[in-house]
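This report refers to the structure that appears directly beneath it.
The values are calculated or read from the model by the stated rules, or taken from the named source; none is laboratory data. Because the structure is a prediction, the values reported are computed rather than measured. Counting neighbours? That spans all protein chains shown, and the Cβs are built from the backbone with ideal geometry, glycine included. In case anyone asks, the SASA skips ligands and DNA or RNA and just uses the protein heavy atoms, side chains included. Shrake-Rupley method; radii C 1.70, N 1.55, O 1.52, S 1.80 Å.
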Amino acid sequence: MSIYPTTETFLSVQGEGMHMGRRAYFIRLFGCPIRCPWCDSKDSWARKASEELGVSDLARRVEISGAEIAVITGGEPCMHDLLPLLAKLNSMKVACHLETSGIFPICETVEAKFSWVALSPKLFANADKGALERADELKFIVSDFTDLLSYEKLAAAAKNAKALWLHPEWSKAENKELLRALADYVKERGGLWRIGWQIHKNYGVR
């Protein structure tokens, strides 16, 4: 039986991306080899898992929540074998979303598929080519405007992406110069490029 080291599970709203504002049940798995210094969920890798949960336990929590979507996140969730959990949630007709850095392959089968994949590549970690091609949307965390030259190359590899989000790194969320630069970038290019935000932080929820 598959057991997943879990940092937390909770009902909230999706604060980012194309599904922003939707009610969602989050399954935050433990562990991440990247360990971004500005990570806003360091508990998912800097300490230890709070629970060890099986597929049935997690599926039951999703069912009780009544949420329209289940978001499997981390940490880096794809370092775990997600197929048993994904297959169970699919059998329950729950739309499963994945939030990943893309450094590992995204494994799916006919019985175990993600409804949506949000990929946030990092410039200091190589993204898996297949993961980039699978992504439904990309989210770029921008600390410096010059990062965009490198992000453009990653965006070109995301052949199926429906949106390319630019988010300021949160410690610089009040840096007006950076925010204006991101907005101007999108105004000049349009298309799939968009500026984004983490609205759950504005609402004071996880």
### Subset tally (residues that are surrounded by fewer than 16 Cβ atoms within 10 Å (Cβ to Cβ) and modelled with pLDDT under 90) for region 31-42
5
### Task
Those residues that are within 22 Å of Ser91 (Cβ to Cβ), in contact with a Phe, Trp or Tyr (Cβ under 9 Å, 6 or more places away or on another chain) and of a type in the set (Gly, Ala, Ser), I need them from region 15-64; list them, please.
Gly54
#### Entry: Selection status of Arg28, part of a helix (DSSP H, G or I), buried (at least 17 other Cβ atoms within 10 Å of the Cβ) and not hydrophobic (A, V, I, L, M, F, W, C)
no
## Note on the structure
Among the residues of region 121-163, the number that are of a type in the set (Gly, Ala, Ser) and either within 13 Å of Leu192 (Cα to Cα) or part of a loop (DSSP other than H, G, I, E, B) (or both) is 9
### Task
Out of the residues in region 182-204 that are of a type in the set (A, V, I, L, M, F, W, C) and either over 20 Å from Ser41 (Cα atoms) or modelled with pLDDT of 95 or more (or both), state the one that is surrounded by the fewest Cβ atoms within 10 Å (Cβ to Cβ).
Ala183
## Note on the structure
Subset of region 182-202, residues under 19 Å from the mean Cα position of the chain (by Cα) and outside any loop (DSSP other than H, G, I, E, B), comes to Trp193, Arg194, Ile195, Ile199, His200, Lys201, Asn202
### Query
Out of curiosity, is Thr6 open to solvent by less than 20 Å² (accessible area, probe 1.4 Å), within 28 Å of Ala161 (Cβ to Cβ) and out of contact with any helix residue (DSSP H, G or I) (no Cβ under 7 Å at 6 or more places or on another chain)?
no
### Query
Does Phe140 satisfy the condition of being within 19 Å of the chain's Cα centre (by Cα), within 14 Å of Ser101 (Cα to Cα) and surrounded by fewer than 15 Cβ atoms within 10 Å (Cβ to Cβ)?
no
### Tabulated pairs, region 27-40, first within 17 Å of Gly102 (Cβ to Cβ), second at pLDDT below 95 and of a type in the set (A, V, I, L, M), C-beta under 7 angstrom, 6+ apart or interchain
Ile34/Ala125
### Residue, least open to solvent (accessible area, probe 1.4 Å), within region 164-181, restricted to residues that are charged (D, E, K, R) and assigned to a helix (DSSP H, G or I)
Lys172
### Query
Restricting attention to region 88-120, which residues are crowded, with 18+ Cβ neighbours inside 10 Å and not in a loop (DSSP other than H, G, I, E, B)?
Lys88, Leu89, Asn90, Cys96, His97, Leu98, Glu99, Thr100, Trp116, Val117, Ala118, Leu119
#### Entry: Leading residue by the ranking (most open to solvent (accessible area, probe 1.4 Å)) among those in region 48-82 that are closer than 22 Å to Ile141 by Cβ and of a type outside the set (Gly, Ala, Ser)
Met79
